[in-house]
Amino acid sequence: MKRVTLSQFLVGRQQQKKINPDLRLLIETIARACKAISTRVNKGALADGLGSAGKSNVHGEAQKTLDVLSNEILLEANEWGGNLAALASEEMEEPRPIPTHYPRGEYLLLFDPLDGSSNIDVNISVGTIFSVLRCPKNNDGSYCDANEKAFLQPGTSQVAAGFAVYGPTTVFVLTVGDGVHGFTLDRETYTFVQTHPEIRIPADTQEFAINASNSRRWEAPVKRYIDECLAGKDGARGKDFNMRWVASMVADVFRVLSRGGIFMYPRDAKNKDGRLRLMYEANPMSFIVEQAGGAATDGQMRILEIQPKGLHQRCPVILGSRNEVERVTSYHRK
């Protein structure tokens with residue numbers, strides 16, 4: 001059976017008027033950058049890619065060498081193509097407008113260049129997450145200045161989102177608003193090939209992912225839900241659950257997409273606003289999960305409906321199999 005490449009898939013979506021040529025080219029550029037990052041991640045210590053970069057990012061977190069390199073790869077790949085007005089990265093404090101000597105496009109790109117980078121040195125899967133928005137327009141039809149305010153759009157405004165997970169294979173997961181599809185990197189042809197068409201998340205699950213070391217700080221609704229899971233067949237749920245936790249969001253969410261489950265990084269006594277970033281992690285992953293038939297909330301409301309107040313705003317995240325997410329959310333509302 002002849003498989004469809006990512007480029008063929010995107011051309012098909014363009015012919016169906018689901019995306020325009022600029023968005024197609026932008027996604028292809030992001031995918032090429034992910035291939036380059038994958039190559040560097042796979043080389044690891046052979047390319048002196050492990051260890052600390054000796055500095056911190058905007059959040060005060062120690063940057064890994066590959067954090068910095070991945071950020072530069074995505075910036076350099078995307079700033080000259082004429083598809084973007086500006087880019088924003090989890091690793092940078094301010095958005096980066098497209099240099100004036102390059103053409104300016106209609107889209108805004110946000111990305112987490114290397115999610116889960118604390119796992120690099122121990123050879124556990126990491127990845128790249130991205131989100132695409134349209135640049136707002138002025139009353140005269142011209143594009144607004146591509147400053148922080150232009151990026152502060154709710155997740156419902158996303159026109160595309162995706163992530164790459166660099167594991168035993170490199171997989172590129174994408175939605176343009178009409179379902180979710182996965183593409184595996186063929187290292188012989190260096191091409192992304194569709195291997196996971198029309199991904200759907202089962203509504204029910206017996207698997208949960210959460211950092212149990214934070215249990216002493218959890219709010220009562222989260223503790224209630226996890227206690228029920230741990231009680232298994234002897235408890236109120238009447239079935240056994242398994243726990244999985246990679247501490248790499250791309251890997252945990254890809255597992256949810258592959259076989260169902262619920263992923264939780266809730267607010268707690270230490271992280272009262274949540275731990276994950278709304279614009280770089282929660283919004284794109286929520287868009288993908290919803291497009292695959294799942295659900296995503298912050299415990300109170302749908303994540304995609306949150307109005308951002310800042311580029312690096314944090315957010316509690318509960319996403320995955322719809323019935324489990326709705327159960328946890330109902331506990332919060334009670």
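Please state the relative contact order of the chain as a whole percent: Cα pairs under 8 Å, 6+ residues apart?
15 percent
Give LYS223/LYS270; LYS149/LYS270; LYS35/LYS137; LYS17/LYS149 a once-over and call out the pairs whose C-alpha atoms are over 23 Å from each other.
Numbers: LYS223/LYS270 15 Å; LYS149/LYS270 28 Å; LYS35/LYS137 33 Å; LYS17/LYS149 29 Å.
Check vs 23 Å cut-off fails for LYS149/LYS270; LYS35/LYS137; LYS17/LYS149.
Taking +1 at the Cβ of each Lys and Arg and -1 at the Cβ of each Asp and Glu, which of PRO154, VAL132, PRO97 sits farthest along the dipole of the chain towards its positive end, judged by Cα position relative to the Cα centre?
Among PRO154, VAL132, PRO97, the one farthest towards the positive end of the dipole of the chain is PRO154.
Once phi is turned into θ = phi - 60°, what whole-Hz ³J(HN,Hα) does the Karplus curve with 6.51, -1.76 and 1.60 give for every residue of region 127-138, x standing for Gly and Pro?
3J(HN,Hα) across region 127-138, in whole Hz: x, 10, 10, 9, 9, 10, 10, 8, 6, x, 10, 7.
Expressed as a whole percentage, what fraction of the accessible surface of the chain belongs to carbon and sulfur atoms when a 1.4 Å probe is rolled over the protein heavy atoms?
Of all accessible area on the chain, carbon and sulfur atoms account for 47 percent.
How much length, in nm to one decimal, is gained on full extension between THR195 and ASP121, taken as 0.36 nm per residue of separation minus their Cα-Cα distance?
On the way: separation 74, 0.36 × 74 = 26.64 nm, distance 2.86 nm.
That works out to 23.8 nm of additional length.
How big is Rg to Rh over region 207-334, alpha-carbon atoms, Rh as the Kirkwood inverse-mean-distance radius?
Across region 207-334, the Cα-based Rg/Rh ratio is 0.94.
Please report the antiparallel percentage of DSSP beta bridges with both residues in the chain, rounded to the nearest 5.
Counting DSSP beta bridges with both partners in the chain, the antiparallel share is about 85 percent.
How much FRET efficiency would the formula 1/(1 + (r/R0)^6) give for THR169 and ARG104, where r is the Cβ-Cβ distance and R0 is 35 Å, rounded to 0.05?
0.45
Averaging the inverse of every distinct alpha carbon separation and then flipping it gives the Kirkwood radius. What is it for the chain, in angstrom units?
20.3 Å
Which entries in the list LYS239/LYS272; LYS309/LYS334; LYS272/LYS334 go over 21 Å, if you measure between the two C-alpha atoms of each?
Over 21 Å Cα-Cα: LYS239/LYS272; LYS309/LYS334.
At a Förster distance of 41 Å, what's the computed FRET efficiency of GLU93 paired with ASP204, Cβ-Cβ distance as r, to 0.05? Provide the component values of the computation, followed by the final result.
On the way: r = 42 Å, r/R0 = 1.02.
The computed FRET efficiency comes out at 0.45.
Multiply the residue gap between ARG187 and ARG224 by 0.36 nm, knock off their C-alpha separation, and tell me the result in nm, one decimal place.
Working: separation 37, 0.36 × 37 = 13.32 nm, distance 4.55 nm.
Between ARG187 and ARG224, full extension yields 8.8 nm more.
The values are calculated or read from the model by the stated rules, or taken from the named source; none is laboratory data. Computed from a prediction, not measured in an experiment: that's the story for all the values here. A quick note on method: Cβ atoms are made from the backbone with ideal geometry, for glycine too, and the neighbour counts reach across all protein chains shown. Accessible surface is based on the protein model in full, side chains and every heavy atom, while ligands, DNA and RNA are left aside. Shrake-Rupley method; radii C 1.70, N 1.55, O 1.52, S 1.80 Å.
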